[in-house]
Amino acid sequence: MQSIDGYIEYQRREYCHDVQCPIQVLLDKHVEKSPEYEEIRAICASDCLHSTHAFHRWLIAKGYLIVRPEKQ
């Protein structure tokens, strides 16, 4: 997907780092894709500590826009 000129895209786990998620703190202590990392990452996939509503509010507060292409 192409970026919109003059805008930056959300970076993976930016929210997690910004809200200092304790799971993210644990992830940061391990090498990505290592067995330990993947075990901790599974917590995010199945039992995230934060709601999508909180994430959406954070995106808005940080000035992010959620866009999609027009239907053709």
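The values are calculated or read from the model by the stated rules, or taken from the named source; none is laboratory data. Fair warning: this is a prediction, and the values are worked out from it, not measured in the lab. Here the Cβ positions follow ideal geometry from the backbone for every residue, glycine too, while neighbour counts run over all protein chains shown.
Which of the following residues is in contact (Cβ under 8 Å) with a residue 12 or more places away in the chain and surrounded by 11 or more Cβ atoms within 10 Å (Cβ to Cβ): L65, L49?
Numbers: L65 fails: surrounded by 11 or more Cβ atoms within 10 Å (Cβ to Cβ).
So the residue among L65, L49 that is in contact (Cβ under 8 Å) with a residue 12 or more places away in the chain and surrounded by 11 or more Cβ atoms within 10 Å (Cβ to Cβ) is L49.
Just one of A45, A54 is assigned to a helix (DSSP H, G or I) and at pLDDT below 95; which is it? Break it down into steps so the answer makes sense when it comes.
Numbers: A54 fails: at pLDDT below 95.
On inspection, the qualifying residue turns out to be A45.
Starting from residues that are among the aliphatic types (A, V, I, L, M) and touching a residue at least 24 places away in the same chain (Cβ under 8 Å), keep the ones in region 11-36 and report whichever is surrounded by the most Cβ atoms within 10 Å (Cβ to Cβ). Can you show your working first?
If we filter region 11-36 for residues that are among the aliphatic types (A, V, I, L, M), which is where we start, we get 19, 23, 25-27, 31.
Imposing the further condition that a residue be touching a residue at least 24 places away in the same chain (Cβ under 8 Å) reduces the set to 19, 23.
Values: V19: 14, I23: 16.
So the residue we want is I23.
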